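For reference, the structure is listed below as structure tokens.
The values are calculated or read from the model by the stated rules, or taken from the named source; none is laboratory data. In this text the structure is predicted, and so the values were computed from the model without any measurement. Here the Cβ positions follow ideal geometry from the backbone for every residue, glycine too, while neighbour counts run over all protein chains shown. In case anyone asks, the SASA skips ligands and DNA or RNA and just uses the protein heavy atoms, side chains included. Shrake-Rupley method; radii C 1.70, N 1.55, O 1.52, S 1.80 Å.
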Amino acid sequence: MDVGYHSYETESTHTAGKVITCKAAVAWGPGQPLVIEDVQVAPPQKMEVRVKILFTSICHTDLSSWKGENEAQRAYPRILGHEAAGIVESVGEGVEDMKIGDHVIPFFQGECGTCICCRSRKTNLCQKFGVNPLKSVMVNDGKTRFSTMDGNPIFHFLNTSTFSQYTVLDSACLVKIDTKAPLEKMSLLSCGVSTGVGAAWNVANVQPGSSVAIFGLGAVGLAVAEGARVRGASKIIGVDINPSKFFKGKAVGITEFINPKDLDVPVHEKIGAITEGGVDYSFECVGNLEVLREAFLSTHTGWGLTVLLGIHPSPMLLPLHPMELFNGRQIVGSIFGGFKGKTQLPKLAEQCMCGTLNLDEFITHELPFHNINEAFQLLIEGKSLRCLLHL
């Protein structure tokens with residue numbers, strides 16, 4: 001996609017260092033329709049980047065935060081959104097790995113590159129810029145870069161806040177990608193596809209010929225299926241109560257479908273019966289404790305691994321007895337699919353460009369940005385995987 005690199009670079013020379021007025025979708029309270037309004041976006045400070053967002057989409061984390069399901073995480077007014085792609089408008093002092101006009105992907109699980117976690121190959125966590133749903137301001141000064149037209153602060157969200165024509169991020173939460181990569185598709189790598197594919201590749205390390213069960217066939221669950229397919233899994237079982245998800249699942253490699261509503265036995269018993277005792281890997285992508293337990297019990301004793309991807313309300317405890325772990329089953333959580341955003345996302349983007357991963361199945365709807373509330377409704381009704389919003 002040609003976004004006019006040179007013309008944009010010229011345009012940015014007129015806005016760099018200045019406050020930009022632009023449109024944003026502002027959340028003013030839990031469950032209230034987002035309001036498209038003019039906001040002010042301050043210039044980036046040290047090690048920050050201001051980005052012109054071209055495409056953004058909505059995932060269930062945005063939906064949960066919009067509803068205000070966790071009262072401790074509420075902060076209003078706020079600009080939500082964390083799955084997007086755009087172009088660098090300006091950079092703050094000290095930013096050397098990006099420049100005006102670069103094509104970039106934001107990501108909520110930052111990578112500073114210097115903390116003990118970033119230096120470790122065992123984790124993709126970051127001590128300074130790791131995801132924190134309670135955080136609503138910038139690290140540098142504890143203030144926001146967004147404000148209303150009368151100067152009142154508008155809070156940030158998940159290090160990103162992409163429901164705005166312009167946003168400011170810490171450079172640790174942004175990565176440059178190949179200018180030949182189609183940005184409308186690359187936006188999926190900000191969250192859903194990376195989270196699911198990475199869970200299969202990095203966290204579970206799915207092996208050729210293995211069996212997989214995926215609970216919840218939203219965008220993340222289908223991305224797990226895509227990752228398992230690429231890795232050569234021989235049996236990929238999709239579990240969902242929405243039969244419309246099954247058609248889409250076939251396109252990403254799911255071989256069998258189970259609708260719990262159609263069963264007269266627990267799902268794990270059904271899976272055990274068709275897999276000689278259970279799958280090698282299960283993935284919980286719903287955020288429901290009962291589903292998590294079914295996913296755990298669906299794995300084979302002795303070696304089964306359950307990967308937890310769904311976002312669960314707090315405070316909740318695992319639905320397991322400690323002694324159940326002595327049967328050899330394991331359970332592990334995954335954030336952003338185990339990907340380190342700065343060092344690994346560019347390679348993932350290349351794999352998408354060369355056809356290793358198919359992103360076409362994930363964008364089910366496209367709408368102009370001002371129809372963002374309609375996009376939320378599509379997700380609520382289970383009609384969309386990803387609705388791509390054009391800014």
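With L222, L189 as the choices, which residue is within 17 Å of G81 (Cα to Cα) and either at pLDDT 95 or above or not assigned by the TED database to the domain that holds K270 (or both)? Don't jump to the end; show me each part of the working.
Working: L222 fails: within 17 Å of G81 (Cα to Cα).
Result of the check over L222, L189: L189.
Every residue, every condition in (1) without any contact (Cβ under 8 Å) to a residue 12 or more places away in the chain; (2) of a type in the set (D, E, K, R); (3) closer than 18 Å to V332 by Cα; (4) in a helix (DSSP H, G or I), yes or no:
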site	(1), (2), (3), (4)
S187	no, no, no, yes
S194	no, no, yes, yes
A200	no, no, yes, yes
Q207	no, no, yes, no
G221	no, no, yes, yes
A228	no, no, yes, yes
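Yes or no, residue by residue, for (1) touching a His at 6+ places or on another chain (Cβ under 8 Å); (2) open to solvent by 10 Å² or more (accessible area, probe 1.4 Å); (3) part of a loop (DSSP other than H, G, I, E, B):
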| residue | (1), (2), (3) |
| --- | --- |
| G113 | no, yes, yes |
| V131 | no, yes, yes |
| T144 | yes, yes, yes |
| G151 | no, yes, yes |
| L169 | no, no, no |
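Just to verify a result, which residue in segment 241-268, among those that are among the basic types (K, R) and touching a residue at least 12 places away in the same chain (Cβ under 8 Å), is surrounded by the most Cβ atoms within 10 Å (Cβ to Cβ)?
Step one: filter segment 241-268 for residues among the basic types (K, R), giving 245, 248, 250, 261.
Then drop every residue that is not touching a residue at least 12 places away in the same chain (Cβ under 8 Å), which leaves 245, 248, 261.
Values: K245: 21, K248: 18, K261: 9.
Here the answer is K245.
Out of L158, L189, L134, which single residue is more than 20 Å from W28 (Cα to Cα), within 21 Å of the chain's Cα centre (by Cα) and not hydroxyl-bearing (S, T, Y)? Full working, then the answer.
On the way: L158 fails: more than 20 Å from W28 (Cα to Cα); L134 fails: more than 20 Å from W28 (Cα to Cα).
Sole residue among the options that is more than 20 Å from W28 (Cα to Cα), within 21 Å of the chain's Cα centre (by Cα) and not hydroxyl-bearing (S, T, Y): L189.
Within segment 197-221, the residues that satisfy the criterion of being closer than 16 Å to V291 by Cβ and open to solvent by less than 30 Å² (accessible area, probe 1.4 Å) are A199, V212, A213, I214, F215, G216, L217, G218, G221. Look at (1) at pLDDT below 95; (2) on the phi < 0 side of the Ramachandran plot and you find that E269 fails only one, number (1). In the set G198, G142, G151, only one residue is under 30 Å from G272 (Cβ atoms) and of a type in the set (G, A, S); that residue is G198.
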